[in-house]
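Shown next, in structure tokens, is the structure this report addresses.
The values are calculated or read from the model by the stated rules, or taken from the named source; none is laboratory data. Every value quoted in this text rests on a predicted model; they were computed, and no experiment measured them. As a convention, Cβ positions derive from the backbone with ideal geometry for all residues, glycine included, and neighbour counts pool all protein chains shown.
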Amino acid sequence: MTRFAALYDACVLYPAPLRDLLMYLALTDMYRAKWTDEIHEEWIRNLLANRKDNGLDPYHYYVKLLKSLPHCKTVEDYEKLSPWNIKLDYAKAA
């Protein structure tokens, strides 16, 4: 295990392509990814302010997405989680 740690700021956690790359590198044990609760809240707040997926409430969409992803076993399971397929109890008010 590496001893090197990198503190991720909100600007690298959002947008997704940079976050994905940096998380991948952390998973290779190149370094340990770290962030604070405040940094996490900032990038989520920015994400929610910018995402308006098919009339879904972004908060409830991402909560369901992150809870469901670990249980996906097939491509079809992942497809059910796309914004145009997912079923939520809470739809964004118009």
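Observations, loosely collected:
- Every test in (1) assigned to a helix (DSSP H, G or I); (2) under 16 Å from the mean Cα position of the chain (by Cα) is passed by ASP77 save one, and that test is (2).
- Scanning segment 10-34 for residues that are assigned to a loop (DSSP other than H, G, I, E, B) and surrounded by 13 or more Cβ atoms within 10 Å (Cβ to Cβ) yields TYR14, PRO15, MET30, TYR31.
- Among the residues of segment 4-16, the ones that are modelled with pLDDT of 90 or more and either among the β-branched types (Val, Ile, Thr) or under 24 Å from LEU48 (Cβ atoms) (or both) come to 8 in all.
- Selection count where residues are touching a residue at least 40 places away in the same chain (Cβ under 8 Å) and in a helix (DSSP H, G or I), scope segment 35-74: 0
- Residue within segment 19-36 that is closer than 17 Å to TYR59 by Cβ and not aliphatic (A, V, I, L, M) present: no
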